[in-house]
1. Hey, what do the phi angles of the stretch 44-51 turn into as Karplus ³J(HN,Hα) couplings, whole Hz, using 6.51/-1.76/1.60 and θ = phi - 60°, x for Gly and Pro?
2. So if I place +1 on the C-beta of Lys and Arg and -1 on the C-beta of Asp and Glu, and nothing else carries charge, what would the dipole magnitude of the chain be about its Cα centre? I want it in debye, nearest 20.
3. Compute the acute angle (0 to 90°) between the alpha-carbon long axis of helix 16-32 and the principal axis of greatest extent of the alpha-carbon atoms of the chain; round to the nearest 10°.
4. Starting at 0 and stepping by 5 Å, how many percent of the alpha carbon pairs of the stretch 73-124 end up in each bin?
5. Sort 219, 195 so the one with the fewest other Cβ atoms within 10 Å of its own Cβ comes first.
6. Specify which labelled value, from (i) 50; (ii) 26; (iii) 20, agrees with percent of Cα pairs over 36 Å apart derived from the coordinates of the model shown.
7. Can you tell me the relative contact order of the stretch 125-180? Whole percent, Cα pairs under 8 Å, sequence separation 6 or more.
8. What is the spread of the Cα atoms of the stretch 10-109 along each of their three principal axes, largest first, in whole Å?
Amino acid sequence: MTVLAVTEHRRGELRAPSFELITAGRRLADDLGSELHLAVIGGDVERYADQLNREGVDTVHTVAVGEEFNHDVYTQAVTALAESHEPDALLVPNTVNGLDFAPAVAGRLDVPLVTDAVAIDATGTPEITREQYGGKVETTVEIDADRFALTIRPAEWAKAEGTGDAEITPFDFDLDESAVRSTVTGFEEVGSGDVDIADADVLVSVGRGIEEEDNLPLVEALADALGATLSSSRPIVDNGWLPKNRQVGQSGKVVTPDVYIAVGISGAVQHVAGMKGSDTIVAINTDPNAPIMDIADYAIVDDLFDVVPELIEQFGGETP
């Protein structure tokens, strides 16, 4: 019995969901009493395989075909792997790339596909938990099939740690070049700007509590004092005060920094879905009953215009 997880890389680096996928895959494999196999397709597969050799991984299959993601190549490669190894479950990140090829592979394998899983219980009949209505409702899907495919929501599982002793094996298959109807010509980050908030270790995020655009420099000064990256909730972007690439949330980016400081953010479910995987959450809000307080590790119930200047001074910065 085998669980096969398809990892993801972009522009020469493995992406965070790949390591979260290991944690989710290991738990599922333990439930099923099976091995966890990973697949890494394209690019520097040997280097990626070494990085993916984490505790709990039994085998890493390297597929040396192409460089960046290509729908047609991934569909063929994953289908060939699944047909060769007959996994009980196929796991894919619930990302733009994963959602691109997973339905095609599930269709070819004739297996059910459940997307955006936030929890898995396969101790009996596999039960997959999903969220609906912006996270306000949880639903459970029972899978009545011998084999199935899942896409796993990023930031719901911890990143796998520790060095493993996985077997690393190359996998060769006959790529049908005539069926590759798309070509990758380059990569362009969505949104303007030169920063990727998903890579930041510390984020200072600003919400509608800042009241007006002229007050943004105050929060920027806090970010500078902490050596942090500035991000925001959706209203700030909708108002045009910060670019789209700074937005955290379901319609922005999912982030998992070491520290997330929410300044004047109430904590709507759409925003929380994008940052609840942060290691430490600090909330600054005048409302002690704001939803953000329910998930904050540290809560400061006070006016941000009083708190932020004090923090800037404590960390050696200058208040604008």
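Where a number appears in this text, it was derived from the coordinates with a stated rule and is not lab data. These figures come from a predicted structure and were not determined experimentally. All Cβ positions, glycine included, derive from the backbone under ideal geometry; neighbour counts span all protein chains shown.
1. For the stretch 44-51, the Karplus-derived couplings read 7, 5, 5, 5, 4, 4, 4, 6 Hz, x marking Gly and Pro.
2. Numbers: 20 positive and 59 negative charges, 113 e Å.
Computed charge dipole of the chain: roughly 540 debye.
3. Approximately 50 degrees, to the nearest ten.
4. Over the stretch 73-124, the share of Cα pairs per 5 Å bin runs 4, 18, 32, 24, 15, 6, 1 percent.
5. Details: 219 26, 195 15.
Taking fewest neighbouring Cβ atoms as first place, the list is 195, 219.
6. (ii)
7. Working: 27 pairs, mean separation 12.3, N = 56.
This gives 22 percent for the stretch 125-180.
8. Here the spans come out as 33, 30, 23 Å, largest first.
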